[in-house]
Every structure is written in C-alpha cells, then in structure tokens.
Amino acid sequence: MAKQERTDENMSDGTDVFQERNGQLYAEEVQVQELAARYGTPLYVYSRGYMQSRYRALAGALAPAQPLICYSAKANTNRAVLRTFLEEGAGLDVVSGGELFRAIRAGADPEKIVFAGVGKTQEEIESALHEGILFFTVESEPEARRISDCAVRIGRTGRIAFRINPDVDPHTHTYISTGKRENKFGLDLERAEHAYAMAAALPNLEIVGLHLHIGSQLLDARPYGEALDKVAALCGRLQARYQTFRYLDIGGGLGIAYRPGETALAPEAFASVVLPRVARLGLKLVVEPGRSLVGNGGILVCRVQYVKASYDKQFVIVDAAMNDLIRPSLYHAHHEVRAVRAASGMLHGDLVGPICESGDFLAQDRDLPDVGEGGLLAVMSAGAYGYAMSSNYNSRRRPAEVLVDGASHVLVRRRETWEDVVRYESDGSDSGQGVEHV
C-alpha cells in the first residue's frame, strides 16, 4: 500500500474520512461501495489517516510533558492498526499474553509496553519478564507476590506500578466505569501504601510508578483532575520513599462522539486538566488512549437481506450481527447508520442481524436509510471494540478488515472460512489425530 501524503487539518473528529460525495460514501478517497464489492460484507473498513491524525493531536496537546503514549491495543488489535501507531512513536498497553504476542509480532519496543489486567497468569508474567516490558500495572498484593516469584524463578526484575482506585465517578456507562470503589480494578487509597511497602520487601521487584484508569468514554476532563488531586499526596510520599518511583500512568478513557450532539473530549481540554497537575508532581507521564484514536476511524459495512414489516415498525435484516459488533447489545450503545449509496428515503425500525437472539440488533427504534434489499449500510464509529470483541456465535465467520490510506486500500485480515470456524475441533474419535488430548 503506497504511502499517502496528508495533512492533519480537519481530520480531528473523523467527519471528513467518511464523507458522502455525489451520493456515494467514501472512506478517505475510496468508495465504500467499491470496497464491499471487492471484499464482501460484513466488512470492517479503517482509515489510517484518521488514526495518524488523532495520535498527532493528542501527542501535540501533551507535548510539554513529553509523555509516553501507549495505545490501548484491546480497542483494535489488528496488526496494521498497531503498526500505524508504532510508526508514530507510540508504545502499547496490553492486557493479556495474546496482546503481548501481537505487540512483539508487530514490532513494538518492549521497553514501551505496559501490561495491565486483573488476572495475569504465571505464563503471561514470565513471558512479559522475558521480553523486558516497561512495567506491569499491578491490581493486587497477590499479583505483586506472583510477579516477584516469577522474576526470582527466571532471574529477571519485574518493574511494577500499583493501580490505584481513587473512587471517582467518571459519569459513563456502568460496564465501562473502572475507578469507583465497587469496581474490581485496583486498590483503594487507604490500602495503597501498605501494598507498596509489602512489594518493596519482595525480591526482584522494582517500584516504578502509580497507575490510574477511571473509566472509558469520558466526555468531560474534570474526573481526571479529581482523580489526580486524590492521588497527589500519595505520589509525593512514594517519590520520597522509593528512588525508582518515576511514572504516573493515568490510563485512557477519552471519549468520542457516537451520536449527533455529542462532543468528543478534545485533547486540548484533556491536557489543560492533566498537564498542570503532572508538572507539579514531577513524574513521567504515561497515557493509554484506545477508543479516541480508532473509534471514529472505522465502520462496519453490511448488506440488507430483507425488510420485514411488523405491526408497528419494520425490521431491516442485514448480514452483520451481534457477533460482529456486540456493543449495541452489550451496552445499548448508539452507532449512527448511513447509506453507502444515497437512499430513496427513510424508514423507522430496527436494524438487526440473523442471529437467533432477541438481543441481536445494531440499532433500535431508529430512522434508517431505506436502501432496500441488497443495499449497503455503514454502521459508524466501529473502529474500537468492534472486531476485537467479535465471535463465532451461531458458527458465523468473522468478517474481513480493510485499511484505507488515501486512495489506496489493503486487506489486513481476510474473511474467515467455514474451515477456519471448525479448524481446532475434534469429534472425540480421532484417536489423537488433529486435536491434542489433555
């Protein structure tokens, strides 16, 4: 895929990377209809230019702090997406051994990788220690002890930053709130210093920082300020106590606009709250954006199979489903729906898939473009937590992914085949052939 020269002007919110021109929806400079014809549907389409622009906007806003920006890989783990951010100078935030494997495979510098998650296994920890990652985000005292044990066993040093739960309400969806006292993540402030003291006494551990992440899809920067104010005194005491304490990782969570009338959390607004507080602490800033870098840089393209009339509304049945994009079913999340070619009008109803679940919908009680059977629709804001949360439920094949860069496009994941869906199964009568017996 040839490199395209571009400017960042007017690319800050994604509205220009998926534009309608002369009745056709474009992804950057490519007709979406052309992509659907070539690669089939359902189809994820990503804009490389959008990702670059969003990363540069955040890096520019935070430049006075010279931050380490670790893209949160869980939002979209495709290797081409990871490479896009690595080429911009990003590190990566990973939450599993699989994401660490992907990060290394994509060419990430291990010293710019942070490893989060509440349930790290011995295998995952030892793999990360062998790679020499920057630090682990540690969620509990037992996890710190496990990292120490693993580090001793293989002769490495584990760098750690405890995740502190500041009991801040991020005013987001319950399922993506992570910084309140009742959430499973991190340690409360009252317990934190004891945890650090315990870890400091363990062999082969180095205390390097403190981590926060209060939630996802935040549209207001004030909760970040509240969280930083709550941990400021603790950071000061830890700096005085541990000479190696140097990082303040404030997580991610910057929100995007999913629907008309919403305003994304601008990098400048985020920076205006974060930078003065971090400067007073004198710590190296680490941030872990995910959704804000990719969310509005992707769409899910689907084809209408049937339009079914009900007694009070209509069902537009498409070839994409909850297994392809689970956010509407899981969070009742809103995704705008646009026609790939200009529609004759609108109809009111539900946009649903073929899965045998009442929860299989992409939009409910909405005015939808009336493109008719065989017509194409684009489900917007699908660049984050789309393919990454997909499954083979109902033995459906997961879709293809395409990356657009200016007028160029490349297939970055082929569509699964039926053989892929059953590849690792056995009927139990193989006598050891094909699938390992454990």
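Quick look at the numbers
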read-out	value
The stretch 275-308: number of residues that are within 16 Å of GLY252 (Cβ to Cβ), over 23 Å from the mean Cα position of the chain (by Cα) and hydroxyl-bearing (Ser, Thr, Tyr)	0
Any hit, the stretch 16-26, residues being part of a helix (DSSP H, G or I), over 18 Å from GLU288 (Cβ atoms) and either at pLDDT 95 or above or acidic (Asp, Glu) (or both)	no
Lone qualifier among LEU43, LEU82, LEU68, LEU62 - being surrounded by 24 or more Cβ atoms within 10 Å (Cβ to Cβ), under 25 Å from PRO289 (Cα atoms), modelled with pLDDT of 95 or more and of a type in the set (A, V, I, L, M)	LEU43
Index of the failed condition, GLN33 passing every other in (1) in the same structural domain as ARG396 (by TED's automatic domain parsing); (2) in contact with a helix residue (DSSP H, G or I) (Cβ under 7 Å, 6 or more places away or on another chain); (3) surrounded by fewer than 19 Cβ atoms within 10 Å (Cβ to Cβ)	(2)
Only listed residue being under 23 Å from ARG222 (Cβ atoms), touching a Pro at 6+ places or on another chain (Cβ under 6 Å) and touching a residue at least 12 places away in the same chain (Cβ under 8 Å), chosen from LEU293, LEU285	LEU285
Residue count for the stretch 215-274, restricted to those that are in contact with a helix residue (DSSP H, G or I) (Cβ under 7 Å, 6 or more places away or on another chain) and of a type in the set (S, T, N, Q)	2
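The values are calculated or read from the model by the stated rules, or taken from the named source; none is laboratory data. Given the structure is predicted, the values throughout are model-derived calculations rather than measurements. Every residue, glycine among them, receives a Cβ derived from its backbone with ideal geometry; neighbour counts consider all protein chains shown.
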